[in-house]
Amino acid sequence: MELFNSVMVFLFGLVIGSFLNVVIFRIPKGESISYPASHCQSCHTPLKWYHNIPLLSWIFLGGKCAFCKEKISKQYPIVELTNAIIYLLLFFKLGFVWYMPFVAITFSALLALVMIDFEYMAVPDSINFFALATSLIQPDYIEAIIHASIAAGGLWLIGFISSVIAKKEAMGGADVIVAGTMGA
């Protein structure tokens, strides 16, 4: 049963990782995450359902679009696999507890933030505040709020002091929210 549960958690992580790629690609551009359906970024041809199987489609297509044969970024399988591994590790650490989905979604949101920040040097508030909110849903939410406040407040203070010394903004407010999420 443990093997079956591990495989299911891993597969669920792949599916959520596939969705994260949509979030990572569309949110910074102000696009909808639900419409239009998935399509090739080069030729804009709508993808068939079997072109969207997490990890496997990228492998079977040789990392190329089925229609125009343009390369598909390695980011897609990397994000899917990374998210699946995160979910599996969380399952091994926590087991099936009521708050595990919230912890998993928080880690997924942080993964999306990392990828977006890496590409755009920006952190979308919608994902950032979502991650903070989900990080607080746990058995000892008071302790989570305290830890979030300490982490966010500490980073804010470091940013404030750095800004005074540098005489310019040294750190964005989004980093403070991320620190709060990690603290929780």
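The values are calculated or read from the model by the stated rules, or taken from the named source; none is laboratory data. Being a predicted model, the structure only gives us computed values, none of them experimental. Cβ atoms come from the backbone with ideal geometry, glycine included; neighbour counts cover every protein chain shown. What goes into the accessible areas is simple: the full protein's heavy atoms, side chains included, and nothing from ligands, DNA or RNA. Shrake-Rupley method; radii C 1.70, N 1.55, O 1.52, S 1.80 Å.
Numbers below:
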| quantity | calculated |
| --- | --- |
| Pair list, Cβ under 6 Å, 6 or more apart: region 115-135 residue closer than 18 Å to Ile146 by Cα, other residue crowded, with 20+ Cβ neighbours inside 10 Å and hydroxyl-bearing (Ser, Thr, Tyr) | Ala131/Thr106; Ala131/Thr181; Leu132/Thr181; Thr134/Thr106; Ser135/Thr106; Ser135/Thr181 |
| Candidates Ile137, Ile150 - the one that is at pLDDT 95 or above, touching a helix residue (DSSP H, G or I) at 6+ places or on another chain (Cβ under 8 Å), over 26 Å from Tyr87 (Cα atoms) and hydrophobic (A, V, I, L, M, F, W, C) | Ile150 |
| Residues of region 1-46 satisfying the condition of being hydrophobic (A, V, I, L, M, F, W, C) and touching a residue at least 60 places away in the same chain (Cβ under 8 Å) | Val9, Phe10, Leu11, Phe12, Leu14, Ile16, Leu20, Val23, Ile24, Ile27 |
| Residues of region 154-172 classified as in contact (Cβ under 8 Å) with a residue 12 or more places away in the chain and in a helix (DSSP H, G or I), total | 5 |
| Members of region 139-170 found to be open to solvent by 50 Å² or more (accessible area, probe 1.4 Å) and either in contact with a Ser or Thr (Cβ under 7 Å, 6 or more places away or on another chain) or of a type in the set (S, T, N, Q) (or both), listed by number | Ser149, Glu169, Ala170 |
| Residue check for Ser73: closer than 26 Å to Leu113 by Cα and touching a Cys at 6+ places or on another chain (Cβ under 8 Å) | no |
| Any chance Ser149 is within 28 Å of Ile27 (Cβ to Cβ), out of contact with any strand residue (DSSP E or B) (no Cβ under 6 Å at 6 or more places or on another chain), without any contact (Cβ under 8 Å) to a residue 12 or more places away in the chain and not β-branched (Val, Ile, Thr) | no |
| Number of the condition not met by Cys43 [criteria: (1) part of a helix (DSSP H, G or I); (2) open to solvent by 40 Å² or more (accessible area, probe 1.4 Å)] | (1) |
| Qualifying position, being aliphatic (A, V, I, L, M) and under 21 Å from the mean Cα position of the chain (by Cα), among Met8, Met1 | Met8 |
| Restricting region 109-123 to residues that are crowded, with 20+ Cβ neighbours inside 10 Å and closer than 14 Å to Gly173 by Cβ, the residue that is modelled with the highest pLDDT | Leu113 |
| Residue check, Ile105 open to solvent by less than 90 Å² (accessible area, probe 1.4 Å), of a type outside the set (Ser, Thr, Tyr) and in contact (Cβ under 8 Å) with a residue 12 or more places away in the chain | yes |
